[in-house]
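We did not get these values from a lab; they are worked out from the coordinates using the rules stated. None of the values given here were measured: they were computed from a predicted structure. So basically every Cβ, Gly included, is an ideal-geometry build from the backbone, and we count neighbours across all protein chains shown.
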């Protein structure tokens, strides 16, 4: 199973062979360097830590900066643990080439918070 971190850029549409418009989501994804590895002996499970998105060192904690320097990478905005993928070790990169056309994917997203909504906005009550 392959995993990658990305960001939604927007939506567009593609046309099928019979002329129907199909909505599609455009993503910016990868490359995601492997910055850590979890092992059964040390952590009780197997996983890889992949990172994505540039960020300045000034806004990161010193331990997190040290983790990136240890593997020879520039600091990244996001770090996620994913199941172990074949052929990847610390320092390797996960790119979109791991995915093939037509492969179904599971997508996990984080919605933007909209804060507290009053009764007028939430339930369309008149004031």
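Note: segment 6-110, Cα convex hull, 134 Å³ per residue.
Would you please state which residues of segment 95-114 a label at residue 25 would reach in this model, taking the label point 7 Å out along Cα→Cβ and a backbone N cut-off of under 11 Å? Within reach of a label on residue 25: 105-111. Note on residue 17 and residue 71: the extension gain reaches 14.8 nm, defined as 0.36 nm multiplied by sequence separation minus the Cα-Cα distance. Largest mean-square fluctuation among 20, 98, 77, in a Gaussian network model of the chain whose springs join Cα atoms under 10 Å apart, belongs to 20. The gain in end-to-end length when the residue 106 to residue 42 segment is fully stretched comes to 20.2 nm, 0.36 nm per residue minus the alpha carbon separation. Across segment 6-110, C-alpha contacts under 8 Å between residues 6 or more apart give a mean separation that, scaled by the residue count, equals a relative contact order of 26 percent.
Taking all Cα pairs closer than 8 Å and separated by 6 or more residues, the relative contact order of segment 8-66 comes to 22 percent.
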